Amino acid sequence: MTQMTKHNSDVPATDTVGEQAQPVVQLRNVVKRFRRADGSVANAIDGVSIDVMPGEFLVLLGPSGCGKTTLLRTIAGLELADEGEIDVHGTTVLSVPRKIELPPEKRHLSMIFQSYALWPHLTVFDNVAYPLRSRGRRLPKSEIAAKVNRVLDLVGVENLGGQYPGQMSGGQQQRVALARALVDGGNLVLFDEPLSNVDAKVRETLRRELLEMQRTLGFAAVYVTHDQNEAMELAHRVAVMGGGKVRQLGPPADIYSHPVDRYVANFIGTTNEIPATVRAIDGNRVEIDTPAGQALGVAADTHLTPGDAVIACFRPEYGQVQNAEKAANNVWSGIVERVLFLGQTSETIMRLGGTDQYLRLTSLGEPEHGEGDEITITIPEHRLRIMRAEGEKAQ
Ligand code: ADP
Ligand code: MG
């Protein structure tokens, strides 16, 4: 955890002088539509604008079908967007209004797919040399050898040049795939769920290794996943996607603690939702009526007005069980329906008094209450996020 925090704070988004560095990838209002077999139109990408900075690990996170792969393929030049512009390393590689479209091999980036797609019949050396030989260039043998050996050394598999992929562990294959992606010096790697085909234990190890290598080598990464743990661990910034749009873009901690709507709040982690109505607003401080009394929270949406139907959201770990007298605001009572002791933590399911609303609370160790007890909880005001009720939930 400490290590992760350290990594995540290393965001190389701006240089030290405070001047904005040039983005490695700049997406401006990219739109991509597909015509389905039945004639209807899918808005796979619906107006996406993102800057990826040098050395940044950007994760595109969202449920299946939200447009992650399409966006990645559009950056790579494997799909042609219907609208918008894309710059890579400061060069416009796509502009619909200006009719510019560079082919994939001219975009100076590499893509790593689900399986690493290493050629089984080629040695590690030949796999890594492949991009240097396949682009119609005739590089001298000695230059190819120098480039390949340099990246094999960089990713720590300098002794495996003569081996075949089938003889290597998952971690070694990942290193080789990365070496192949970096050999041509683009310094930008696009990943489409590269770890989704391996089992959970191996996946965790490979994820750590990838994190270490990216932070050490400093290439920029755009990484697609539907796995929120993967996103939280790897990303400098996460773009949460839904329905072809970026719903929220920010560092993992910000996305987790300050979700902007119900979609993001429910897609990242677990959240409790209490239906409520806005009573009053003072800055971003919102007073609400809930079925179990009044409460104070922080507005996630800047356009709320009194009378609006809202949802008060809070994470299970921020519901503190304690004496009602200790807190003036945000005090709710209810009956414990279930306690699940999980070792390090416990989960309490509580039914909010006078409602059929269930809340989930997480606490460290074993709780003092049991099933059937009446308990009182408080939620710190800044942990209660008030968001518009009509926003749909992520699945
Ligand atoms: P994700 O990678 O997030 O699972 P995709 O980018 O693969 O999502 O797909 C986004 C949307 O675009 C989905 O509704 C999908 O059905 C549609 N789509 C993707 N590729 C095509 C295609 N070649 N033809 C028609 N529809 C497509
Ligand atoms: Mg996909």
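Every number in this text was worked out from the coordinates using simple rules, so none of it is lab data. The structure displayed is predicted, hence computed values, not measured ones. With ideal geometry, Cβ positions are generated from the backbone for all residues, glycine too; neighbour counts draw on all protein chains shown.
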(message) Please give me, ordered by residue number, the trypsin sites (Lys or Arg not before Pro) of region 22-64 that lie in loop per DSSP and have at most 10 other Cβ atoms within 10 Å.
(response) ARG36
(request) Search the structure for amide H atoms under 5 Å from the amide H of GLU83, placed 1.01 Å from N in the peptide plane, and list their residues when 5 or more places away or on another chain. (result) VAL31
(request) Could you give the DSSP H helices of the chain that reach 24 angstrom or more along their long axis (alpha carbon positions) and whose average Kyte-Doolittle hydropathy is no lower than -1.0? (result) 200-217
(request) Determine the dipole magnitude for the chain: charges of +1 sit on the beta-carbon of Lys and Arg, -1 on that of Asp and Glu, nothing else is charged, the reference point is the Cα centre, and the result goes in debye to the nearest 20. (result) 1740
(request) Could you tell me which of LEU182, PHE125, PRO54 has its Cα farthest along the dipole of the chain towards the positive end, charges placed at Cβ (Lys, Arg +1; Asp, Glu -1), taken about the Cα centre? (result) PHE125
(message) Helix-only estimate, please: 222 nm mean residue ellipticity of the chain, summing -39500 (n - 2.57) across DSSP H runs of length 4 or more and dividing by its residues, to the nearest 500.
(response) -7000 deg cm²/dmol
(message) Just to be sure I understand the model, the point goes 7 Å from the Cα along the line to the Cβ. What's the resulting ASP282 to ASP126 distance in nm?
(response) 7.5
(request) Mind checking the full-extension length gain between GLU212 and ASP153? Use 0.36 nm per residue of separation minus the Cα-Cα distance, one decimal, nm. (result) 19.7 nm
(request) Would you work out which of MET387, ALA44, GLY283 lies farthest towards the positive end of the dipole of the chain? Charges go on Cβ: Lys and Arg +1, Asp and Glu -1. (result) ALA44
(message) Run the numbers for VAL202 and ASP373: contour at 0.36 nm per residue of separation, minus the present Cα-Cα distance, in nm.
(response) 57.3 nm
(request) Go ahead and collect, in residue order, the members of region 237-251 whose backbone nitrogen is under 13 Å from a label point 7 Å along the Cα-Cβ direction of SER49. (result) 246
(message) Run the simple label-point estimate for THR302 and LEU364 please: 7 Å along Cα→C-beta, distance reported in nm.
(response) 3.7
(request) Pairs of lysines 8 or more apart, or on different chains, with alpha carbons under 28 Å: count those in the chain, would you? (result) 17
(request) With label points built 7 Å along Cα→Cβ from the Cα atoms of ARG33 and HIS108, find their separation and express it in nm. (result) 3.4
(message) I'd like the GluC sites (Glu not before Pro) in region 292-395 restricted to DSSP loop residues with at most 15 other Cβ atoms within 10 Å, sorted by number.
(response) GLU368, GLU371, GLU390, GLU392
(request) Figure the gain on full extension for VAL41 and GLN167 (residue separation times 0.36 nm, minus the Cα-Cα span) and round it to one decimal in nm. (result) 40.8 nm
